1. Please work out how much length the chain gains when fully extended from L106 to M16, using 0.36 nm per residue of separation minus the C-alpha to C-alpha distance, in nm with one decimal.
2. Could you work out Rg/(2.2 N^0.38 Å) for the chain, with Rg from alpha carbons only?
3. Given the rule -39500 (n - 2.57) for each run of at least 4 DSSP H residues, summed and divided by the residues of the chain, what is its mean residue ellipticity at 222 nm, to the nearest 500 deg cm²/dmol?
4. Answer with one residue from Y61, V18, N42: the one whose Cα lies farthest towards the positive end of the charge dipole of the chain, charges on Cβ with Lys, Arg +1 and Asp, Glu -1.
5. To make sure I understand the rule: partners must be lysines, Cα under 29 Å from the Cα of K8, and not fewer than 8 residues away in the same chain. Which ones qualify?
6. What residue among I111, I32, I47 has the largest mean-square fluctuation in a Gaussian network model of the chain, using Cα springs under 10 Å?
7. Rounded to the nearest 20 Debye, what is the dipole magnitude of the chain about its Cα centre when Lys and Arg each give +1 and Asp and Glu each give -1 at the C-beta?
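Coordinate-derived values only; no laboratory data. Please read these numbers as outputs of a predicted model, since none were measured by experiment. Cβ sites come from the backbone with ideal geometry, for glycine too, and all protein chains shown count toward neighbours.
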Amino acid sequence: MSVGKRIKDRRLELKMSVDELARCLNKNRTTIYRYEKGDIENLPIDILEPLAKALDTTPAYLMGWDVNTAKTEPSSFDDITMGDIFKSLRLGNNLTIQEFASEIGLSVSDIKKYETGETQIPV
């Protein structure tokens, strides 16, 4: 399931209108529709936490990292690791691990460890 579909499904579960969500995020309704339709493929990282909070879920759920449940305790970036962010950026830009490692100057091995959670980087 795409990020946009999770956003829309969660909004509908909450019986929230596009206008209500737009007001919560200080965005216009067109932007919300673009998120939901996938027109904005690379969801800005600074909108992820407020969006999750408005939808009473976690950034991890919206990004597809935790598909078990939408509703959780209050969302926070504290639950997201740098590995999660690396993976999101890499996949959002359609990069292989090799390409991403080259772009940010880390080894493929390190990227794999960060993305799997084997090694943590403090945010």
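1. On the way: separation 90, 0.36 × 90 = 32.40 nm, distance 4.20 nm.
Full-extension gain reported as 28.2 nm.
2. Numbers: Rg = 15.1 Å, N = 123, 2.2 N^0.38 = 13.7 Å.
Rounded to two decimals, the normalised Rg is 1.10.
3. -16000 deg cm²/dmol
4. Of the candidates, V18 comes out farthest on the positive side.
5. K27, K37, K53, K71, K87
6. In the Gaussian network model the winner is I47.
7. Details: 17 positive and 20 negative charges, 107 e Å.
That gives the chain a dipole magnitude of about 520 debye.
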